[in-house]
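The values are calculated or read from the model by the stated rules, or taken from the named source; none is laboratory data. All values derive from a computational prediction rather than experimental measurement. For neighbour counting, all protein chains shown are included, and Cβ atoms are generated from backbone atoms with ideal geometry for every residue, glycine included.
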Amino acid sequence: MPSIELIFSDGERFTLAAKSDESVLAAARRAGLELASDCESGECQTCRGTVRRGAVAYADGVEVSLTDEDQAAGGALCCVAQPRGDLVVELPYSRASLLPVRTAYLAVTAVERLCGSAVALRGKLMRNAKLGFYAGQYVNLTVPGTTEQRAYSMANPPEEPDALEFLVRLLDGGAMSEFLRAGPAPGTVIALKGPHGVFYRRERDAPMLMIAGGTGLAPMLAMLRQLAARGASRRRITLCFGVTAQRDLFGLDVLERLSETLPGLERRVAIMHPDADWTGMRGVVTNLLQPADVTAAPDAYLCGPPPMIAAARAWLAAHGMPPDRVFAEEFTPTGV
């Protein structure tokens with residue numbers, strides 16, 4: 001039986017034995033050890049770890065969302081990765097950070113159009129429910145009238161656990177998109193399950209680098225709002241925000257208000273295909289990055305579509321950012 005050693009971010013270690021053709025997650029559960037997970041099919045990357053010694057394989061028919069570059073760098077999805085001999089896997093979170101996943105119900109209070117391609121969905125938890133989560137995490141929402149689930153990061157801070165806000169990109173034919181386009185009446189109930197994910201702000205006082213694409217701004221807002229709720233801070237925070245077109249741009253007014261409490265917040269914006277009157281940066285969000293950003297900020301937080309995440313990871317690695325200081329959440333459209 002292969003031996004699996006799991007190393008958590010706080011240095012805690014566990015060694016367990018895996019059965020033949022058993023995933024790392026399944027072996028851990030059989031040993032009574034919970035790991036971060038959600039979809040358990042190799043898609044969401046909540047269970048992602050880094051192989052430090054040994055190798056993993058995936059069963060025939062399993063399609064993982066990691067790129068070849070991710071896998072070459074040791075990336076592995078514990079929910080479907082099977083050890084090929086003895087294995088050492090490093091996990092980017094501590095066991096203490098794994099919050100209980102709960103089911104609750106959200107009553108819609110408002111759907112606000114933010115720009116041509118995104119809305120803010122706001123609601124209050126019903127029956128005096130509370131949702132404990134870390135700034136940056138997400139939940140799964142069930143589209144009313146269906147069994148379809150969609151994952152959205154909270155844009156509100158944990159200090160406001162019963163009044164939730166989600167930023168939703170509107171996609172043609174998307175189940176949640178069509179539901180929101182129809183204008184759900186206040187009080188419409190949406191089932192919710194979470195929190196999920198290991199993308200959250202680490203409790204350090206050091207400067208931060210944030211890189212967001214589109215509605216990937218949501219978890220960044222949760223982190224910034226949490227810092228603002230704790231009082232004025234001059235901590236250096238660099239936020240690089242990119243969108244495809246000018247019709248996709250939103251949130252600048254919110255960031256302006258946050259900068260009043262967080263005067264160390266530097267905001268940079270890039271538009272890939274801007275209108276002729278755009279005077280800011282033209283191009284992708286990585287065009288906003290500067291080598292000094294890596295030396296100034298020990299932690300980098302990335303959220304957006306997979307191509308943006310891959311490009312940002314590559315840029316940061318090329319400029320000396322250690323991979324274990326890069327925390328990322330990919331926003332992948334589903335059900336379109």
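One table, with the values for the structure above:
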item	result
Among (1) within 20 Å of L98 (Cα to Cα); (2) among the aliphatic types (A, V, I, L, M); (3) out of contact with any Asp or Glu (no Cβ under 9 Å at 6 or more places or on another chain) - the single one L167 does not satisfy	(1)
Among (1) surrounded by fewer than 21 Cβ atoms within 10 Å (Cβ to Cβ); (2) under 19 Å from the mean Cα position of the chain (by Cα); (3) farther than 20 Å from H196 by Cα - the single one V119 does not satisfy	(1)
Pairs where the first residue, in the range 54-73, is over 17 Å from E22 (Cβ atoms) and the second is part of a helix (DSSP H, G or I) and among the small types (G, A, S), C-beta under 9 Å, 6+ apart	T67/A310; E69/A310; E69/A314; D70/A310; A73/A317
Members of the range 152-165 that are crowded, with 23+ Cβ neighbours inside 10 Å and of a type in the set (A, V, I, L, M, F, W, C)	M154, A155, L164
Some residue of the range 82-105 being among the small types (G, A, S), at pLDDT 95 or above and not in a loop (DSSP other than H, G, I, E, B)	yes
Of residues in the range 243-269 being of a type in the set (A, V, I, L, M) and assigned to a helix (DSSP H, G or I), the one farthest from L114 (Cα to Cα)	L258
Answer residue from the range 166-190, given it is under 20 Å from the mean Cα position of the chain (by Cα) and not in a loop (DSSP other than H, G, I, E, B) and is surrounded by the fewest Cβ atoms within 10 Å (Cβ to Cβ) among those	R169
Residue tally, condition buried (at least 16 other Cβ atoms within 10 Å of the Cβ) and touching a Ser or Thr at 6+ places or on another chain (Cβ under 9 Å), over the range 68-85	10
Selection within the range 315-336 - over 20 Å from A73 (Cβ atoms) and either surrounded by 14 or more Cβ atoms within 10 Å (Cβ to Cβ) or touching a strand residue (DSSP E or B) at 6+ places or on another chain (Cβ under 9 Å) (or both)	F331, P333, T334, G335
Residue in the range 276-293 that is touching a Pro at 6+ places or on another chain (Cβ under 8 Å) and under 29 Å from R150 (Cα atoms) present	no
Unique residue being modelled with pLDDT under 95, of a type outside the set (G, A, S) and on the phi < 0 side of the Ramachandran plot when the list is R113, R150, R204, R169	R204
Matching residues in the range 125-150 - criterion: being under 20 Å from A107 (Cβ atoms) and crowded, with 23+ Cβ neighbours inside 10 Å	F133, Y138, V139, L141
Spans of strands (runs of 3 or more DSSP E) in the range 1-70 with at least 3 residues among the basic types (K, R)	48-53
Members of the range 44-65 that are buried (at least 18 other Cβ atoms within 10 Å of the Cβ) and closer than 17 Å to T332 by Cβ	C44, Q45, T46, C47, R48, V64
Filter pass, R30 being of a type in the set (K, R), in contact with a strand residue (DSSP E or B) (Cβ under 7 Å, 6 or more places away or on another chain) and surrounded by fewer than 16 Cβ atoms within 10 Å (Cβ to Cβ)	no
Selection count, the range 270-314, where residues are in a helix (DSSP H, G or I) and either surrounded by 14 or more Cβ atoms within 10 Å (Cβ to Cβ) or more than 20 Å from the chain's Cα centre (by Cα) (or both)	17
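Rundown of residues vs (1) touching a Gly at 6+ places or on another chain (Cβ under 7 Å); (2) closer than 29 Å to A311 by Cα; (3) of a type in the set (V, I, T), yes/no style:
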site: C47; (1), (2), (3): no, yes, no
site: G54; (1), (2), (3): yes, yes, no
site: A73; (1), (2), (3): no, yes, no
site: E112; (1), (2), (3): no, no, no
